[in-house]
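Please treat every number below as a calculation from the coordinates, not as lab data. Given the structure is predicted, the values throughout are model-derived calculations rather than measurements. As a convention, Cβ positions derive from the backbone with ideal geometry for all residues, glycine included, and neighbour counts pool all protein chains shown.
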Amino acid sequence: MNQVKQIYKVLLKKYGPQGWWPLLDVKGTNPTKTGSIQGYHPNDYSYPKTKLQQWEIIVGALLTQNTSWPQVEKSLINLKKQNLLNYKITNNDLEKIKECIKPSGYFNQKSERLISLAQWYQELKHTPTRDELLSQKGIGPETADSILLYAFKELQFVIDSYTKRIMKNLELIPNDAKYDEVKNLFESNFEKDFKLFQEYHALLVEHAKNYYTKKKSDSLLNVILK
DNA sequence: TTCCAGGCAATAC
DNA sequence: GTATTGCATGGA
């Protein structure tokens, strides 16, 4: 078995299925998550079930940029209470949206980007291509892949800073590895199944949350893999 | 007080 | 093409 598959196996055994992407109105639970909404749905890959849930994932993907998820949850709940967690928002809602999403930071940028994204999403009549997503302001490679993988169930592996950190620490990628290079490593050494892609990315995040910061790195995986 | 969080875009070199 | 900087809140 290659190392990409081995890491997945180890993480799944350690943490169990993560139930991503979390959704406000989903009842599923994940006991490994603390202080969070109960929106995780382990072993259920059927979400999103509605266009509104799909939009909620897009909003969460944008808001979580360089921001911790609990802060995003607060923003999502604020938006929901103000009836602004939908894709019919307009510039008239700008100030209210800013107030709602303050907990997740960069609220001036993110509020404008949310509104322009909503306009784009409302007119969307098909699954967007990766390039279409990347052409939207506020959507870079990670956000595009998160949206494609979790909102549209497309086969795109998500690479975030945690994933790079783990792979560098294991010396499976060079220090200056580019996004597409890391992505290709996973996509060409792992089963091509969107459910497994969803699970693997979530597991990498969960593991890194527990063992990594920008400065610290873990030894658990290193020991197992060597 | 300092560091950090599920990045991105604009600018500088 | 690569490196740097601004964006912002709140928890540890």
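Annotations
- Cα-centred dipole magnitude for chain A, charges only on beta-carbon of K, R (+1) and D, E (-1), debye, nearest 20: 580 debye
- A crude spin-label estimate for the pair A:SER161 and A:GLU95, with each label 7 Å from Cα along the Cβ direction, gives 3.3 nm.
- When the alpha carbon gyration tensor of the stretch A:1-146 is reduced to an equivalent ellipsoid, its three semi-axes come out at 27, 19, 15 angstrom, largest first.
- Selected from A:ASN210, A:ASN189, A:ASN86 as most flexible by GNM, with chain A as the system and alpha-carbon contacts under 10 Å: A:ASN210
- Note on chain A: with a GNM built from Cα contacts shorter than 10 Å, the maximum mean-square fluctuation among A:GLU199, A:GLU142, A:GLU171 falls on A:GLU171.
- The simple spin-label model puts a point 7 Å past each Cα toward its Cβ; for A:HIS126 and A:MET1 those points are separated by 3.9 nm.
- Once the chain from A:ILE77 to A:SER36 is taken as fully extended at 0.36 nm per residue, the excess over their C-alpha distance is 13.6 nm.
- Charge-dipole axis of the stretch A:51-151 as Lys and Arg at +1 and Asp and Glu at -1 on Cβ define it, positive-most pick from A:LEU76, A:LEU114, A:ALA151: A:LEU76
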